[in-house]
1. Tally the residues that are surrounded by fewer than 17 Cβ atoms within 10 Å (Cβ to Cβ) and either without any contact (Cβ under 8 Å) to a residue 40 or more places away in the chain or out of contact with any helix residue (DSSP H, G or I) (no Cβ under 6 Å at 6 or more places or on another chain) (or both), restricting the search to segment A:100-116.
2. Name the residues in segment A:69-94 that are assigned to a helix (DSSP H, G or I) and without any contact (Cβ under 8 Å) to a residue 40 or more places away in the chain, would you?
3. So for segment A:167-180 (the condition being modelled with pLDDT of 85 or more, within 30 Å of residue B:246 (Cβ to Cβ) and surrounded by fewer than 19 Cβ atoms within 10 Å (Cβ to Cβ)), does at least one residue qualify?
4. Return the residue satisfying two criteria in turn: it lies in segment A:164-204 and is part of a loop (DSSP other than H, G, I, E, B) and within 13 Å of chain B (Cβ to nearest Cβ), and of such residues it is nearest to the chain's Cα centre (by Cα).
5. Any chance you could count how many residues in segment B:123-141 are farther than 16 Å from residue B:227 by Cβ, within 11 Å of chain A (Cβ to nearest Cβ) and assigned to a helix (DSSP H, G or I)?
6. What are the residues in segment A:123-142 that are more than 7 Å from chain B (Cβ to nearest Cβ), surrounded by 18 or more Cβ atoms within 10 Å (Cβ to Cβ) and within 15 Å of residue A:202 (Cα to Cα), if any?
7. For residue A:35, are the conditions met, namely being more than 30 Å from residue A:215 (Cβ to Cβ), outside any helix (DSSP H, G or I) and at pLDDT below 80?
8. Just checking, does segment A:253-267 include any residue being touching a helix residue (DSSP H, G or I) at 6+ places or on another chain (Cβ under 6 Å), within 30 Å of residue A:128 (Cβ to Cβ) and free of Cβ contacts under 8 Å to residues at least 60 places away in the same chain?
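The values are calculated or read from the model by the stated rules, or taken from the named source; none is laboratory data. From a predicted model like this one, the values you see are computed outputs, not experimental measurements. Backbone-built Cβ (ideal geometry, glycine too); neighbour counts: all protein chains shown.
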């Protein structure tokens with residue numbers, strides 16, 4: 001237990017530095033953007049030079065860069081991301097409103113890609129070099145080459161436009177007043193296509209990792225020992241080979257979370273899912289840079305939290321992990 | 001067996017090489033076969049494919065020649081993909097070598113920066129960078145490289161950590177070579193193979209990211225891009241789905257070609273190294 005705690009503490013300290021770099025990076029990007037919040041505000045509302053002067057002073061934009069960075073950090077410590085000009089609301093509130101949809105999409109897509117990917121990987125890796133192994137590994141490579149947003153459009157053409165089986169976009173039927181289980185079912189139906197578009201791309205990754213991992217494990221001595229014991233092939237594959245090849249996939253789960261968040265930007269705008277990714281695109285379209293940077297910061301925190309969770313899970317799954325770090 | 005013959009005997013690798021060759025031919029011949037502006041109007045709007053043989057793949061919503069756009073799009077895709085991957089590999093190799101060879105505080109700082117770049121979803125970073133600086137071909141290349149240099153940096157660092165303990169590095173120190181010269185003339189070249197092995201995955205990812213950026217309208221507006229074509233076609237998805245589907249197929253074949261050929265090269269050379 002102390003071993004895990006030490007691991008968590010080390011990771012948390014590291015994360016604070018990483019987050020600080022991300023914050024400074026986003027601040028520099030914000031500074032590099034042409035025009036500031038006042039310009040954006042004046043464009044949307046109109047106002048004269050005196051008004052601009054007044055607003056710059058009130059929002060602290062006439063101070064030096066270092067003072068503003070300090071103010072920015074101070075505000076962030078209070079979880080204040082500033083005000084969105086386009087939404088005329090605090091950025092934090094806008095983000096928190098959209099976050100659950102993105103999380104739902106990400107968790108479902110991860111479950112799909114990890115579950116199906118590792119299962120197919122075990123199926124392929126059980127008989128290395130066989131026809132089904134070659135077929136699945138080439139098939140997965142082809143899937144990996146497909147752009148997610150294009151797969152999304154193809155799915156829309158087939159299942160929403162031609163067959164009319166599934167809704168074309170959105171997260172739920174608008175103004176339907178559904179509650180309880182009806183609403184859950186409605187959201188699930190709306191999620192089928194976006195989750196498939198996002199999940200199928202990463203499925204290939206887990207399939208290939210599983211397969212490659214199993215190929216390594218097959219060569220190890222304990223597999224030979226299991227064979228010599230006379231265990232059935234099925235048992236060797238599931239209990240010995242696949243089980244040992246599964247651990248690296250868990251690490252991948254954390255590393256992929258950032259990619260998955262990035263991927264959801266395009267998928268959300270293809271399917272008009274009102275999530276964080278779509279918000280990012282809206283922020284770009286309306287040139288609301290502070291909002292965009294707020295989204296980046298939120299994603300960074302999310303990725304750090306997910307990776308921490310994966311590390312902890314890993315430490316429980318594999319007793320060797322962290323033992324060396326705890327001693328150091 | 002020579003690596004080339006081994007490569008030619010792998011059907012997947014040959015298929016990949018052929019796909020790539022076709023793509024490069026398309027990119028190179030684009031302005032020969034389709035001189036003039038591919039974004040100019042060439043015929044009636046929304047002409048379906050295979051109707052008029054002067055416009056084999058038909059026209060888009062504005063009456064532009066789809067085949068000409070496809071050829072010119074190959075050019076953008078390939079140029080951006082290769083340039084972004086090259087930038088990412090160079091930056092990654094240099095940062096990784098410095099971190100691994102210097103060690104100590106330099107290593108710590110450089111790796112924390114690498115962590116920070118890996119924490120931010122690379123697509124969001126590219127999106128933010130392009131939207132702040134403004135879309136042009138060079139900016140898109142930098143934006144993609146910003147999110148991809150971290151992988152090569154980590155691999156290079158790990159490789160350098162093992163190389164810097166070798167005898168010839170100690171020898172170079174003894175004869176009084178400057179540490180930077182040792183790092184970049186002795187250590188870096190030997191750390192390159194595993195970094196270069198990543199290049200096909202990086203080129204493929206760069207091509208896909210470019211497509212996604214231009215799909216969201218953040219590509220260079222003065223150039224035809226496949227992602228932009230898919231986005232254009234989206235407006236008429238119900239009536240003319242081929243406008244979005246055709247450039248998507250081109251993208252899939254391109255990325256697949258890069259993967260297959262890249263994997264073929266890595267495998268044939270890795271086997272050779274394993275044997276020798």
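1. Within segment A:100-116, residues that are surrounded by fewer than 17 Cβ atoms within 10 Å (Cβ to Cβ) and either without any contact (Cβ under 8 Å) to a residue 40 or more places away in the chain or out of contact with any helix residue (DSSP H, G or I) (no Cβ under 6 Å at 6 or more places or on another chain) (or both) number 5.
2. A:70, A:71, A:74, A:75, A:77, A:93
3. The answer is no; no qualifying residue exists.
4. Once the filter is applied, the top-ranked residue is A:169.
5. Looking only at that region, the number is 6.
6. Those that are more than 7 Å from chain B (Cβ to nearest Cβ), surrounded by 18 or more Cβ atoms within 10 Å (Cβ to Cβ) and within 15 Å of residue A:202 (Cα to Cα): A:136, A:137, A:140.
7. Yes; evaluated as a whole, the condition is true for this residue.
8. Yes, the conditions are met somewhere in segment A:253-267.
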